[in-house]
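This report concerns only the one structure given below.
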Amino acid sequence: MAEAVPAVGAPRVSRLDRRKARTRQALIDAAVRLIAEGRGDRASIQEITEEADIGFGSFYNHFDCKEQLFQAALNEILDVHGS
């Protein structure tokens with residue numbers, strides 16, 4: 001898959017920033033799957049990070065709590081499917 005070329009004058013996104021964005025998105029995607037399975041409210045942070053295939057400690061680099069993650073997941077669902 002080819003990576004998008006930034007627009008002229010657009011700031012370059014560092015490799016670290018891209019990796020952080022991928023990790024955050026993996027957490028959100030995992031939360032969306034858990035919500036779809038009806039397990040969102042019962043899932044532990046350990047289950048969420050396992051579903052996302054990331055380390056437990058990485059969760060707290062992106063979210064303060066499960067509720068914050070699930071709010072981001074719900075916002076994404078609404079963005080994708082409309083309100």
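May I ask you to list the residues in the range 52-83 that are more than 12 Å from THR23 (Cα to Cα) and either of a type in the set (A, V, I, L, M, F, W, C) or in contact (Cβ under 8 Å) with a residue 12 or more places away in the chain (or both)?
CYS65, LYS66, LEU69, PHE70, ALA72, ALA73, LEU74, GLU76, ILE77, LEU78, VAL80
Return the total of residues in the range 59-76 being part of a helix (DSSP H, G or I) and surrounded by fewer than 16 Cβ atoms within 10 Å (Cβ to Cβ).
Matching residues across the range 59-76 total 8.
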Scan the range 54-83 for residues that are within 17 Å of ARG42 (Cα to Cα) and of a type outside the set (A, V, I, L, M, F, W, C) and jot them down. LYS66, GLU67, GLN68, GLN71
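Are any residues in the range 30-58 in a helix (DSSP H, G or I), among the acidic types (Asp, Glu) and surrounded by fewer than 15 Cβ atoms within 10 Å (Cβ to Cβ), and if so, which ones?
GLU47, GLU50
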Scanning for something aliphatic (A, V, I, L, M) and in contact with a Lys or Arg (Cβ under 8 Å, 6 or more places away or on another chain), does the range 55-71 turn up at least one residue? no
Which condition number does VAL5 fail, the rest of (1) at pLDDT 95 or above; (2) not in a helix (DSSP H, G or I) being met? (1)
Quick check on SER83: is it among the hydroxyl-bearing types (Ser, Thr, Tyr), at pLDDT 90 or above and out of contact with any Lys or Arg (no Cβ under 7 Å at 6 or more places or on another chain)? no
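The values are calculated or read from the model by the stated rules, or taken from the named source; none is laboratory data. The shown structure was predicted, so the numbers you read here are calculated from the model rather than taken from an experiment. Cβ: placed from backbone, ideal geometry, glycine included. Neighbour counts: every protein chain shown.
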